């Protein structure tokens, strides 16, 4: 048999929601905006990208940041992702170069 649900007043719903929230074991805390959980600004990301443009500097900084040298978690995650992408692209390039190296020499002679 279907259950009939009547529309309650707005105040009743808010009171029920507050009572459920107060009786629950789950307590939500607001996000922290300091220290490791602080967000990185657009200027910060532009600086990270500019530092990773230089060949030797990028590898040094990315390894330091990815291994825990960064103060912010977002920078650490960025460095880990950039290192994974760097190694993947390098492996693909080396595989193609070893496989088709003679073809490129013949083509550009």
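For the residues 45, 21, the requirement of being at pLDDT 75 or above and either part of a helix (DSSP H, G or I) or more than 17 Å from the chain's Cα centre (by Cα) (or both) singles out 45.
Among the criteria (1) out of contact with any helix residue (DSSP H, G or I) (no Cβ under 6 Å at 6 or more places or on another chain); (2) surrounded by 10 or more Cβ atoms within 10 Å (Cβ to Cβ); (3) at pLDDT 60 or above, the one residue 75 does not fulfil is (1).
So which of 51, 85 is at pLDDT 75 or above, in contact with a helix residue (DSSP H, G or I) (Cβ under 8 Å, 6 or more places away or on another chain) and surrounded by 10 or more Cβ atoms within 10 Å (Cβ to Cβ)?
Numbers: 85 fails: in contact with a helix residue (DSSP H, G or I) (Cβ under 8 Å, 6 or more places away or on another chain).
Step by step, each of 51, 85 is checked, and only 51 is at pLDDT 75 or above, in contact with a helix residue (DSSP H, G or I) (Cβ under 8 Å, 6 or more places away or on another chain) and surrounded by 10 or more Cβ atoms within 10 Å (Cβ to Cβ).
The values are calculated or read from the model by the stated rules, or taken from the named source; none is laboratory data. Here the structure is a predicted model, which means the values were calculated and not measured. In this analysis, Cβ positions are derived from the backbone assuming ideal geometry, glycine residues included, and neighbour counts consider all displayed protein chains.
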